[in-house]
Number of protein chains: 2
Amino acid sequence: MSLIVQKYGGSSVATLQKMQFVAEKIKKYFEQGHQLVVVVSAMGKTTDELLHKAFTLHPSPPERELDMLLSTGEQVSIALLAIALDALGIPSLSLTGGQAGIITTDLHTKAKIIHIDVHRILEGLEQNKVVIVAGFQGKNLQDDITTLGRGGSDTTACALAYALKADFCEIFTDVNGVFTADPRIVPQAKKIDRISYDEMSEMANLGAKVMQLRAVDFAHAYRVKVHVRCTFDDQEGTWIEEVGNMENAQVRAVTHSGDVIKVVLQGVPNRPGIAAQIFEALANLSVSIDMIIQSEGRETVKDVAFVVLKEDESKVKKAIEELRGKINFQNIILDYEKSRISIVGAGIASNPQIAYRMFKILAENNVNIDMISTSNLRISCLIPREKMEESVRALHREFIEEEKIEVETNE
Amino acid sequence: MSLIVQKYGGSSVATLQKMQFVAEKIKKYFEQGHQLVVVVSAMGKTTDELLHKAFTLHPSPPERELDMLLSTGEQVSIALLAIALDALGIPSLSLTGGQAGIITTDLHTKAKIIHIDVHRILEGLEQNKVVIVAGFQGKNLQDDITTLGRGGSDTTACALAYALKADFCEIFTDVNGVFTADPRIVPQAKKIDRISYDEMSEMANLGAKVMQLRAVDFAHAYRVKVHVRCTFDDQEGTWIEEVGNMENAQVRAVTHSGDVIKVVLQGVPNRPGIAAQIFEALANLSVSIDMIIQSEGRETVKDVAFVVLKEDESKVKKAIEELRGKINFQNIILDYEKSRISIVGAGIASNPQIAYRMFKILAENNVNIDMISTSNLRISCLIPREKMEESVRALHREFIEEEKIEVETNE
């Protein structure tokens, strides 16, 4: 008998049939005697369709109204899921974010949760109901509807799990957990059974789509035990939790992202404060940046290169336009032909052997490394797009498959 | 400079293009210096589509969840209208029913308004914003979303006009007001410039779709001046207001409805209380009934006939099934081949000449009258469906076109 917070993403409730499948799944948990709080996202492409309508009417719609509009997507989901559960004879109570007591800041489209008043949820649980909460949304102190931005439903689920002191939080998605590499590229990729918050955070940051970075960091901060698993089968997925320090640094996964752009500002004036100016303009538009390199080439000017996500392309162009008025750089190059591959694992950057092996493998495969960045949890290299898939496979072989064999041999 | 409450129905905002047209229209009013509170319905067929989803999952979905589901339709409309207005540079504030302070009873899917706390609307108006309110919805004292049932958006508009002491309430629809008959059947039909609440109520009751009965009765009770007009042109429509007693009874309009079913219960036991039992079963299912006739034929049994709306067909069948267990009637006939035609106008039933002329005209046209019912405001006859159109034309000629000519001759 646990108190479990479950989150079903948009692809898990994309059709009425899938909605019914989710209801059947919830029924099984309910009949085992668990108390359930279920967070749902908008069905399938609903959010995109609503956004398309808004942007047809307005090049930059008021953010308060975007929240008013988008929040209807999750509201439809909670009502339909409650209806589907009732059809199975399972009592439930649907609640919008506001009704569930999720109070946020005023910052529309990317509000932060400041308080959760769980009394209506507890009331529903006491009445032996499945409580269904609309993900991604809350309300501010003025009773206006707010949304939490990207990954909002994952964050709702983790926040409720914390506020309700739930036993754990299950994130249901369309893959069966976190893998050592993308199985579409590396057939040998294996599911990771347990991963630390830090490692998961780094993987989410590097583009693993299984769970949103912000929610991972929230779960970490509040020590919420998370189980990422597949809606459509009953296998165990990946547990994200506090993992004791490994004695040895170990590569846990190889990740890649082709959805990046390398930006080079050539001939930027070589004076103090110039980098701050550039990255302030990008930060103001919430563009996240990776792999910054400054050349020390000529005396009066230098080059600045960095990597951004393709989804931020229009923001990046806007920031550069603004910079043009302030800084006299000579040229700008946007390179769309690069990919970022990374190895992830606690402590790997402190083990020089691992970096060396990564670069050696890439060299043996004739891959030219364009940029490198490291943290304590990962080493990333920017490489030509056409080398991405074979490089991922080679690194997976080196760090995951072969290490596996060693362990078995030693037993 | 007036304070005006406007209501735009689902057909007025059915597409993004129409939404933009409505925004342009609001802009004109706003720039003339009026204070505006705009009530909108769900876009086009949205409500039907949502209902279809609910009934796909459940033969009779829980009503609280239907309200949670359906209320999203109007919420999408208010957000998109606010976005369209912003694109035109007009400041606005969208509010759900609950945010607008519309507090209702708990009766989901047909809640009644018990209180309106207008402070957020007034705040918006004071900030010189167009205030946009989601029609058809409110919230109960437990913060649950409720809906007002059929004609809910008209009721929202009239209730807000009353609560805000607005100068008047404009109901925008796809026809240009109330007509003396359906122009598709009677090309000579004319727009009525002014009509009393009582006459409008009777016409709504008889199937004129221009404004919902419940909203007319609300407007009457609270003396809200209503202007029914067309979204897509600028002509004056029909004013519904207190009209001083006419010296002479006058037929204002000829209405018809083919969407009726004649129900005959044959061989019902002839004992006291039997009619009460029958109509209690129908009332419990909210079936409205017209034209009740009891035969006094045989000694121990009698026939009971009445007319119901086709939209209530399934409820009627359910009520009859329930009755079968309690009353031994011999046979039941559902007759789908009848239509109801009516003449409407204050005081006409008290003028025997008018009834006589109506029956004479129908006789001259070889129309067999099956049932008759009257009130102080109307005389209705049930006639064969195939005679409906020519009968409407003949009555319109007799009571509206010819009376018009007389008046002109006398001047």
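The values are calculated or read from the model by the stated rules, or taken from the named source; none is laboratory data. Since we're looking at a predicted model, the values are computed, not measured. Methodologically, a virtual Cβ is constructed for each residue, glycine included, from the backbone with ideal geometry; neighbour enumeration extends over all protein chains shown. The protein model used for the area step is the full one, side chains on, heavy atoms only, and it has no ligands, DNA or RNA in it. Shrake-Rupley method; radii C 1.70, N 1.55, O 1.52, S 1.80 Å.
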**Study point:** Centre separation in Å (Cα based) which lies between the stretch A:207-285 and the stretch B:112-136
**Key:** 44 Å
Point to revise | About the Cα centre, charge dipole magnitude for the stretch A:338-410 (Lys/Arg +1, Asp/Glu -1 at Cβ), debye | key: 340 debye
Practice item. Mind listing the long-range amide H neighbours of A:THR146? Cut-off is under 5 Å, sequence gap 5 or more, other chains count too, H placed in the peptide plane at 1.01 Å from N. Key: A:GLY138, A:LYS139, A:ASN140
Practice item. Counting residues in the stretch A:219-378 as N, plug N into 2.2 N^0.38 Å and put the Cα Rg over that result. Key: 1.29
Study note, to complete from the structure: Amide H neighbours of A:ILE114 at under 5 Å, excluding residues fewer than 5 places away on the same chain, with H built from the backbone geometry, are A:ILE103, A:THR104, A:THR105
Review point. In whole Hz, what ³J(HN,Hα) sequence does the stretch B:19-30 give by Karplus (6.51, -1.76, 1.60; θ = phi - 60°), x for Gly and Pro?
Key: 4, 5, 4, 4, 4, 4, 5, 4, 4, 4, 4, 4
Study note, to complete from the structure: So, relative contact order of the stretch A:338-410 in percent, Cα under 8 Å, 6 or more apart, is 39 percent
Study note, to complete from the structure: Per residue convex hull volume, Cα only, the stretch A:263-331, in Å³ is 77 Å³
Practice item. With a 1.4 Å probe on protein heavy atoms only, tell me which residues of the stretch B:38-71 lose at least 30 Å² of accessible surface in the complex relative to the chain by itself. Key: B:LYS53, B:LEU57, B:HIS58, B:PRO62, B:ARG64, B:GLU65, B:MET68, B:LEU69
Check your understanding: Assuming a viscosity of 1.002 mPa s and a temperature of 20 °C, what translational diffusion coefficient in µm² per second does Stokes-Einstein assign to the protein assembly as shown, Rh being the Kirkwood radius over Cα pairs?
Key -> 69 µm²/s
Study note, to complete from the structure: For the protein assembly as shown, the accessible surface attributable to carbon and sulfur atoms (probe 1.4 angstrom, ligands and nucleic acids excluded) amounts in percent to 49 percent
Check your understanding: Got a sec to turn the phi values of the stretch A:67-82 into Karplus ³J(HN,Hα) couplings, 6.51 cos²θ - 1.76 cosθ + 1.60 with θ = phi - 60°, whole Hz, x for Gly and Pro?
Key -> 5, 4, 6, 5, 4, 5, x, 6, 5, 4, 4, 5, 5, 5, 5, 4
**Study point:** Long-range tail of P(r) for the stretch A:138-247 (Cα pairs > 23 Å, %)
**Key:** 29 percent
Review point. Per residue, how much space in cubic angstrom lies within the convex hull of the C-alpha atoms of the stretch A:17-86?
Key: 83 Å³
**Study point:** Total charge dipole magnitude, chain B, about the Cα centre, Cβ charges on Lys, Arg, Asp, Glu only, Debye to nearest 20
**Key:** 620 debye
Exercise for review: Enter the buried accessible area of the B/A pair, total of both sides, probe 1.4 Å, in Å² rounded to the nearest 100.
Suggested key: 3200 Å²
Exercise for review: Compare the Cα positions of B:LEU282, B:VAL264, B:ASN328 along the charge dipole of the stretch B:258-335 (+1 at Cβ of Lys, Arg; -1 at Cβ of Asp, Glu; about the Cα centre) and return the one farthest towards the positive end.
Suggested key: B:ASN328
Check your understanding: Which ³J(HN,Hα) values, rounded to whole Hz and listed in residue order, are derived for the stretch B:135-152 from phi using the Karplus coefficients 6.51, -1.76 and 1.60 in 6.51 cos²θ - 1.76 cosθ + 1.60 with θ = phi - 60°, glycine and proline given as x?
Key -> x, 6, 9, x, 9, 8, 5, 8, 6, 8, 6, 10, 10, 9, x, 3, x, x
Practice item. Treat the stretch A:3-173 as a sphere of radius equal to its Kirkwood radius over Cα pairs and apply Stokes-Einstein at 25 °C in a medium of 0.890 mPa s; give the translational diffusion coefficient in µm²/s, rounded to a whole number. Key: 156 µm²/s
Check your understanding: Got the A:HIS34 label distances to the other copies yet, label 7 Å along Cα→Cβ, in nm, shortest first?
Key -> 5.6
**Study point:** Net +/- balance of residues flanking B:SER196 in space, Cβ distance below 11 Å, scoring K and R +1, D and E -1
**Key:** -3
Check your understanding: How long are the three semi-axes of the equivalent ellipsoid of the stretch B:296-386, in whole Å, if each is the root of 5 times an eigenvalue of the C-alpha gyration tensor, listed from largest down?
Key -> 30, 15, 14
**Study point:** Rounded D (µm²/s) - chain B, Kirkwood Rh over Cα pairs, Stokes-Einstein at 20 °C, 1.002 mPa s
**Key:** 93 µm²/s
**Study point:** Rg in Å to one decimal, and Dmax rounded to a whole Å, for the stretch B:338-410 via C-alpha atoms
**Key:** 12.2, 39
Exercise for review: Write out the GluC sites (Glu not before Pro) in the stretch B:328-406 meeting two conditions: DSSP loop, and at most 15 other Cβ atoms within 10 Å of their Cβ.
Suggested key: B:GLU337
Check your understanding: Can you list the trypsin sites (Lys or Arg not before Pro) in the stretch A:319-359 that are in a DSSP coil and have 13 or fewer other beta carbons within 10 angstrom?
Key -> A:LYS326
